[in-house]
2 protein chains.
Amino acid sequence: VSSWLPLPANTGFGPDTLPYGVVGNRVVVPIGDRLLDLATALARVDGTLARLVDRPTLDPLLAAGRPTWDAVRTTLRRMLTVDTPEHRRAVEAALRDPGPPPQLPFTVTDYADFYSSQQHATNVGRIFRPDAPALPPAWKHVPIGYHGRSGTVVVSGTPVRRPRGILGPGRYGPTERLDIEAEVGFVVGTPSRLSEPVPAADWREHVFGVVLLNDWSARDIQSFESRPLGPFLGKSFLTSLSPWVVPLAALEPAFVDPPAQDPRPLDHLQPAGQALDLTLEVRLNGQLISRPPAAALYWTPAQQLAHLTGNGASLRTGDLYASGTVSGDAPDQLGCLLELTRGGQDPLRLPDGTTRGYLSDGDTVDITGTAPGPSGTLIGLGAVSGTVMPAE
Amino acid sequence: VSSWLPLPANTGFGPDTLPYGVVGNRVVVPIGDRLLDLATALARVDGTLARLVDRPTLDPLLAAGRPTWDAVRTTLRRMLTVDTPEHRRAVEAALRDPGPPPQLPFTVTDYADFYSSQQHATNVGRIFRPDAPALPPAWKHVPIGYHGRSGTVVVSGTPVRRPRGILGPGRYGPTERLDIEAEVGFVVGTPSRLSEPVPAADWREHVFGVVLLNDWSARDIQSFESRPLGPFLGKSFLTSLSPWVVPLAALEPAFVDPPAQDPRPLDHLQPAGQALDLTLEVRLNGQLISRPPAAALYWTPAQQLAHLTGNGASLRTGDLYASGTVSGDAPDQLGCLLELTRGGQDPLRLPDGTTRGYLSDGDTVDITGTAPGPSGTLIGLGAVSGTVMPAE
């Protein structure tokens, strides 16, 4: 649809996107290159909805459940697309210039990270465990994942201090293998009850929307610590999120059939539901190094959620789960430097003439994302960015 | 010290213990077999401290920092041990009968679980990985751990619904290997800043106190899922805590030298600080099956905290970290059934004539703990209990 509000050509933030974030302690919706103060926009139209977002966080909106999510979105779309004096007054009163940097838009309760790209798992297996089968034995039976540290999930733009860690016997120092992982994150709104698994078919009742996620990783720390309990300090120093949570409703045109699954997944992981045709772009100091395709992920978000709760673990508002590194089949579709450089053996040559195995101090990484919108338009997912600072 | 208040002989909750919990939405302190409503007790003595605990949670007290923790404890001890009419009036106005079951006393933010018993790690290695060295290669260099699910940390008494999970290729069903892990948990009060590791020497500025923890584990689910990212669904269904947080100040007489560490730990894991001489007792349907000794743990709580933050990961009020299964050298000092029954091969024979490999539906497990107090008294840690319910 188009808006009566003049918008820049080809904006990813048209009236079909309408994601949510927090700027200046207010819930805002980016529209074109400006922001709509959501409570102000809704105040004359629906006081109850306006009060729900008259906060410095999305938490109450996330907790309100899907009928409310739909009501807010429907109301907002109507205001922006149906040209009436009332709508113009309400929208114009709520428009803001971009202002200060966005804040983390919700309180992250638990953070779980999956490992759902077959290409990524295969590539990593070949590099880390050259003498074993590339794919772990359970990989096609279980959507493998682990819990990360929710307290160090931060918003895009937060500096990435190079972490110190234990690199090997007797060696504590700054990581020499600082990496990225380009991922898609899913934000849970509606909680579930302890001991009651969430059926795969119900995932859209619980998941509010999508963010981009960079799971910064220190490969040397991770390799040394991971047996037998998995990644810990190699990941827990920082995880960055894009500032705008894009509601699933905006991604309708992006739902596509997932890759074929063989063997057939267990019953509680059925129906698989759909994959999301999001294209990520990874830039290192402004230079495109990869275009990871989320549509290629083997396990779907519905299956990840059904698995996460399959043992009766409950969901809380603010739970975040992520896809794991998104990698495609092609060499320019790999979602981390570990894969792009084969463990640092095969450095990237960048257009500016520099080479990189892993990240250098001062490097800036931007991961952006888009989804197909209605009638050839693009839905923007925004960006998750971070600049590496030297170890302290 | 002794109290003017008549207390049962040999109570673990005398005036040297004074732990904190929440009952009926009030912060309480167990004394003998009764409870003290803390805000009521403090109200006439110190209004500021009283307001801090006039809540349904310990969160504000935890966040207030060590000088405040010390002030509350000192004030309370004086009221209970110095016999004045004012103290009698204040205490008697605040005494309550036990009442409803205790609640989870604080908001658990992140939960990390270590693997700090050399005996446990060795025994588990022999059972799970018979063809590899028993201790993982990094074990003596790194306090190995992982993040668990904070949203399923519950208070003692919460029923333990037998979880379903993926037990092998094509097999989803109730776990056939439901186990316990007897552990000591540490509750963080004072937060730390991102990118600023907490020195080992500072751990008592951050850690408020200690709880008992049962890290319920489904061994079949855990075995199948754990490569390469560690335990996930095999642990995330439930983790139970004892209701009373015992402040570190009450455990002064329990601090002892830890086992010798060889090789010498890295500088940031020094000084090691002290171990805690806590004795746990594990009972299965009322029958003592083990007495795990926390003093035998290889890595100390100071080292665990220094490691957890060694990469710059920040602490939040309510972070919980646990020792991992506590096991000693003797066959009756093992902290989980996996070890006590050698992976179920060697079932336990209980005094009531029954045998157990892993837990049966209807089984109740109680883990209690005590520490040496001043002058031969005992400091009680209370109990963490749970009864297994059949899978739904």
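The values are calculated or read from the model by the stated rules, or taken from the named source; none is laboratory data. What you see is a predicted model; the values in this text were computed from it and never measured. Here the Cβ is made from the backbone with ideal geometry for all residues, glycine too, and neighbour counts use every protein chain on show. Calculation scope for accessible area: heavy atoms of the full protein, side chains included, ligands and nucleic acids excluded. Shrake-Rupley method; radii C 1.70, N 1.55, O 1.52, S 1.80 Å.
If I filter region B:300-317 down to residues being within 14 Å of another protein chain (Cβ to nearest Cβ) and small (Gly, Ala, Ser), which single residue comes out as nearest to B:GLU196 (Cα to Cα)?
Result: B:GLY312.
May I ask you to list the residues in region B:141-173 that are open to solvent by 20 Å² or more (accessible area, probe 1.4 Å) and within 23 Å of B:PRO228 (Cα to Cα)?
B:HIS141, B:ARG164, B:LEU167, B:PRO169, B:GLY170, B:ARG171, B:TYR172
Take region A:358-392 and flag every residue that is of a type in the set (Gly, Ala, Ser), open to solvent by 40 Å² or more (accessible area, probe 1.4 Å) and at pLDDT 95 or above.
Residues of region A:358-392 of a type in the set (Gly, Ala, Ser): A:360, A:362, A:369, A:371, A:373, A:375-376, A:380, A:382-383, A:385-386, A:391.
Cutting the leftovers down to open to solvent by 40 Å² or more (accessible area, probe 1.4 Å) gives us A:360, A:362, A:375-376.
Correct list: A:SER360, A:GLY362.
Taking the residues in region A:283-307 that are part of a helix (DSSP H, G or I) and touching a Pro at 6+ places or on another chain (Cβ under 6 Å) as candidates, determine which candidate is farthest from A:ALA383 (Cα to Cα).
Taking the candidates together, the pick is A:HIS307.
Run down B:PRO253, B:PRO231 and say which single residue is open to solvent by 20 Å² or more (accessible area, probe 1.4 Å) and touching a residue at least 60 places away in the same chain (Cβ under 8 Å).
Only one candidate qualifies: B:PRO253.
Within region A:141-172, can you find the residues that are touching a residue at least 60 places away in the same chain (Cβ under 8 Å), facing chain B (nearest Cβ under 7 Å) and small (Gly, Ala, Ser)?
Step one: list which residues in region A:141-172 are touching a residue at least 60 places away in the same chain (Cβ under 8 Å), which gives A:141-143, A:145-146, A:148-150, A:152-166.
The next check asks that each one be facing chain B (nearest Cβ under 7 Å); those that pass are A:141-142, A:145-146, A:148-150, A:152, A:161, A:163-166.
Residues satisfying the conditions are A:GLY145, A:GLY148, A:SER150, A:GLY165.
Can you find, within region A:43-70, the residue that is modelled with the lowest pLDDT among those that are within 25 Å of A:TRP4 (Cα to Cα) and surrounded by fewer than 16 Cβ atoms within 10 Å (Cβ to Cβ)?
A:ARG44
Return the only residue of B:LEU280, B:LEU315, B:LEU359 being closer than 23 Å to B:PHE208 by Cβ, assigned to a loop (DSSP other than H, G, I, E, B) and touching a strand residue (DSSP E or B) at 6+ places or on another chain (Cβ under 6 Å). Write out each step before concluding.
On the way: B:LEU280 fails: assigned to a loop (DSSP other than H, G, I, E, B); B:LEU359 fails: closer than 23 Å to B:PHE208 by Cβ.
Going through B:LEU280, B:LEU315, B:LEU359 in turn, the sole match is B:LEU315.
Restricted to region B:318-331, and to residues that are assigned to a loop (DSSP other than H, G, I, E, B) and open to solvent by 20 Å² or more (accessible area, probe 1.4 Å), which residue is farthest from the other protein chains (Cβ to nearest Cβ)?
In this case the residue turns out to be B:ALA330.
Examine region B:126-140 for a residue that is among the basic types (Lys, Arg), facing chain A (nearest Cβ under 9 Å), touching a residue at least 12 places away in the same chain (Cβ under 8 Å) and buried (at least 22 other Cβ atoms within 10 Å of the Cβ), and state whether such a residue exists.
Checked region B:126-140: no residue is among the basic types (Lys, Arg), facing chain A (nearest Cβ under 9 Å), touching a residue at least 12 places away in the same chain (Cβ under 8 Å) and buried (at least 22 other Cβ atoms within 10 Å of the Cβ).
Which of (1) open to solvent by 10 Å² or more (accessible area, probe 1.4 Å); (2) part of a loop (DSSP other than H, G, I, E, B) is the odd one out, the single condition A:PRO105 does not satisfy?
Result: A:PRO105 passes all but (1).
I'm checking my understanding of the structure. Among residues of region B:275-299 that are touching a Gly at 6+ places or on another chain (Cβ under 9 Å) and β-branched (Val, Ile, Thr), which one is farthest from the other protein chains (Cβ to nearest Cβ)?
Ranking the qualifying residues of region B:275-299, first place goes to B:THR279.
Does A:ALA71 satisfy the condition of being over 30 Å from A:ALA9 (Cβ atoms), assigned to a helix (DSSP H, G or I) and not basic (Lys, Arg)?
Criteria met by A:ALA71.
Would you check which residues across region B:12-36 are in contact with a strand residue (DSSP E or B) (Cβ under 7 Å, 6 or more places away or on another chain) and open to solvent by 10 Å² or more (accessible area, probe 1.4 Å) and list them?
B:GLY12, B:PHE13, B:ASP16, B:VAL23, B:ARG26, B:ARG34, B:LEU35, listed by residue number.
Does A:GLU196 qualify as being open to solvent by 40 Å² or more (accessible area, probe 1.4 Å), of a type in the set (Asp, Glu) and at pLDDT 95 or above?
Against the criterion (open to solvent by 40 Å² or more (accessible area, probe 1.4 Å), of a type in the set (Asp, Glu) and at pLDDT 95 or above), A:GLU196 qualifies.
Has region A:332-341 got any residue that is open to solvent by less than 10 Å² (accessible area, probe 1.4 Å) and either within 14 Å of chain B (Cβ to nearest Cβ) or on the phi > 0 side of the Ramachandran plot (or both)?
yes
Within region B:331-348, is even one residue closer than 27 Å to A:VAL154 by Cβ, hydrophobic (A, V, I, L, M, F, W, C) and under 23 Å from the mean Cα position of the chain (by Cα)?
no
Restricting to region A:113-125, name every residue that is in contact with a Lys or Arg (Cβ under 9 Å, 6 or more places away or on another chain) and facing chain B (nearest Cβ under 9 Å).
A:ASP113
Can you name the helices (runs of 4 or more DSSP H) wholly within region B:181-274 that have at least 3 residues being under 19 Å from the mean Cα position of the chain (by Cα) and away from chain A (no Cβ under 14 Å)?
The qualifying helices (runs of 4 or more DSSP H) are B:203-206.
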